[in-house]
Number of protein chains: 2
Amino acid sequence: MIIDIFRATTAICAAFSNQIKTIIPVKTIEEALKYRGNDYILASERHGKKIEGFDLGNSPEGFLDPSLRNKTIVLSTTNGTNAILSASGADIIMIGSFLNISAITQKLIHINKDIILLCAGWQDKFNLEDTVFAGALTEILAVGFDISQDDSAFCALQLYQFAKNDMKSFLLKSSHYNRLKHLNLEADILFSLKIDETHIVPYFDGYAIIC
Amino acid sequence: MIIDIFRATTAICAAFSNQIKTIIPVKTIEEALKYRGNDYILASERHGKKIEGFDLGNSPEGFLDPSLRNKTIVLSTTNGTNAILSASGADIIMIGSFLNISAITQKLIHINKDIILLCAGWQDKFNLEDTVFAGALTEILAVGFDISQDDSAFCALQLYQFAKNDMKSFLLKSSHYNRLKHLNLEADILFSLKIDETHIVPYFDGYAIIC
């Protein structure tokens, strides 16, 4: 399962809650540009900013525009889309965020397989927000199930339990927020912490994200 | 700085507190065997166990034997020695453990450079004990210094502050302990949590660990 809370997997869940058709994740800006025209919506972000000339960045609320319904979005971001593309090989590659946390947890329980929570992080480094989400998901999975956690899931759970009563304050300490605060990311943070906004669980089929 | 609390860097600090001469870290059992004879002490561990025919494993208390004084030890372990060897390129590669935590922190403050805390982990995965030590060290560095932490140092500090009043219980939850408990690792865990047993800060010069 892929996690990039600020902001790719949150944006993807928001997009599907808005009834978009599909999202094609691509690695580079150049690959995204090949789709220009033909009714594709181009969305791309690097270092927190929308790329000049693209229709969207990866600010989740941008994906809620009604004009996007039934459209295909081509998406390339700094961390999240790379994490999705690197996961090929897993049986099922699901897209998780706080927006669909209950739905995705139910799906994981139903599927009943070993679970890897792949935190996208920031440029291949550990980050706070994806880890805290992994802890939240671990907490739900642990209720009523005898799950075996490795050390990283155990620590993610500890951090979530420490943070959960005031997630916003905790995550405002994240390097991601501090790196991007001049871009007015605070609205995106608040949006990304909304719980159970959708019951949809998007998944990557090796070419596109569908649901 | 290299951290492998259970047990390589703890064992290395113990060895130097016992006035051994030097430690040559090597990747493989085969490399270690090339040093056989010639008054070298061979120490090696795989999956928690001493290798048949070697003088020592990596149980820290084994390195306190008075007969080891002024000897050169050739050491190969599952995680710690690989971490040491992979760090070549850093200006100074120091060896840290709870046994020398105050001494190494003072040295880091004195040197006044950017610090990378390289947790050896377990087979390239995150682990609990190295992270908690990184948090302890971050806490000391933060007193009186305006340090900038990335998200991993911030989380390590949170975990340490949660764990510090009962480190033993916290670390008995670690996957490392649970993987190796049939090997009676508990004595090693207690030894590894001893604080400031030595003022020596060993460092790796690219070939051998000296102090």
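Only the coordinates and a few stated rules stand behind these numbers; no lab work does. Predicted model, so just to flag it, every value in this text is computed and none were measured. Don't worry about glycine lacking a Cβ; one is built from the backbone with ideal geometry, like all the others, and counts go over all protein chains shown.
Here are the numbers for the structure shown:
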| read-out | value |
| --- | --- |
| Cα shape, the protein assembly as shown, gyration tensor, a/c 1.5 rule | prolate |
| Chain B: Lys pairs at Cα distance under 18 angstrom, eight or more positions apart or on different chains | 14 |
| Amide hydrogen neighbours beyond the local backbone of residue B:57, cut-off 5 Å, H modeled | B:44 |
| Other-copy label distances relative to residue A:190, 7 angstrom Cα-Cβ extension, nm | 5.4 |
| Candidates B:156, B:142, B:83, ranked by Gaussian network fluctuation over chain B, Cα under 10 Å, top entry | B:142 |
| At 7 Å out from Cα toward Cβ: residue A:66 inter-copy label distances (nm, ascending) | 8.8 |
| For region B:130-141, 3J(HN,Hα) per residue [Karplus equation, 6.51 cos²θ - 1.76 cosθ + 1.60, θ = phi - 60°, Hz, x = Gly/Pro] | 5, 5, 5, 5, 4, x, 4, 5, 4, 4, 5, 4 |
| Options B:26, A:160, A:60, ranked by Cα towards positive dipole end of the protein assembly as shown, top entry (Cβ charges) | B:26 |
| Distances in nm from residue B:53 to the matching label points in the other copies, shortest first (labels 7 Å along Cα to Cβ) | 6.5 |
| For region A:53-211: rounded, prolate or oblate by the Cα gyration tensor [a/c cutoff 1.5] | oblate |
| Integer Hz, Karplus 6.51/-1.76/1.60 couplings in order for region B:173-181, x for Gly and Pro | 7, 5, 4, 4, 4, 5, 5, 10, 5 |
| Residue-by-residue Karplus 3J(HN,Hα) for region A:51-57, coefficients 6.51, -1.76, 1.60, Hz, glycine and proline x | 7, 3, x, 7, 6, 9, x |
| Among A:199, A:110, A:47, residue whose mean-square fluctuation peaks in a GNM of chain A (springs only between Cα atoms under 10 Å) | A:110 |
